[in-house]
1. Divide by every residue of the chain the summed helix terms, -39500 (n - 2.57) for each DSSP H run of at least 4, and state the resulting mean residue ellipticity at 222 nm, rounded to the nearest 500 deg cm²/dmol.
2. Please report the relative contact order for the chain, taking Cα pairs under 8 Å with a sequence separation of at least 6, and give it as a percent rounded to a whole number.
3. Provide the net charge surrounding Val12, with neighbours chosen by a C-beta distance below 15 Å and charges set as Lys +1, Arg +1, Asp -1, Glu -1.
4. What is the extension gain from Ile5 to Gln80, computed as 0.36 nm multiplied by their sequence separation minus the C-alpha to C-alpha distance, in nm to one decimal?
5. How many nm is it between the label spots at Ser73 and Gln38, if each spot is 7 Å from the Cα in line with the beta carbon?
Amino acid sequence: MKTSITGIIKHVELIEVNELNLQFIYGTVESDRLGRWQPGNWMVSSPIERIDAENLLVHTLNSLYKVDVLPSSISLTAEQFLLVRQGISPSFILR
């Protein structure tokens, strides 16, 4: 079964929340087939289930994202990640 891409995300940051043992992507939406975000909006994915690094694809439970880059992950605490979910950029938190 071939899954179609649900969103294209640019300027991706890979977030690792060690205490939850989960990873997420944060980035800028280029397109979202499901209409959840407008182009130019920032987004945070649901937990990542699988990453296809060769094809720059990130799989979550219900979505498949095409990303422009897969950077090294940044580690955040659960508390810091909640700030990201509220709209604060990870780079601002890690200053």
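1. Details: 2 runs with 12 residues, N = 95.
Per the formula, -3000 deg cm²/dmol.
2. On the way: 182 pairs, mean separation 28.6, N = 95.
Relative CO of the chain lands at 30 percent.
3. -4
4. On the way: separation 75, 0.36 × 75 = 27.00 nm, distance 2.88 nm.
Length gained between Ile5 and Gln80: 24.1 nm.
5. 3.3 nm
We did not get these values from a lab; they are worked out from the coordinates using the rules stated. For clarity, every value in this text was computed on a predicted model and none was experimentally measured. Using ideal geometry, Cβ is built from the backbone for each residue, glycine included, and neighbour counts are taken over all protein chains shown.
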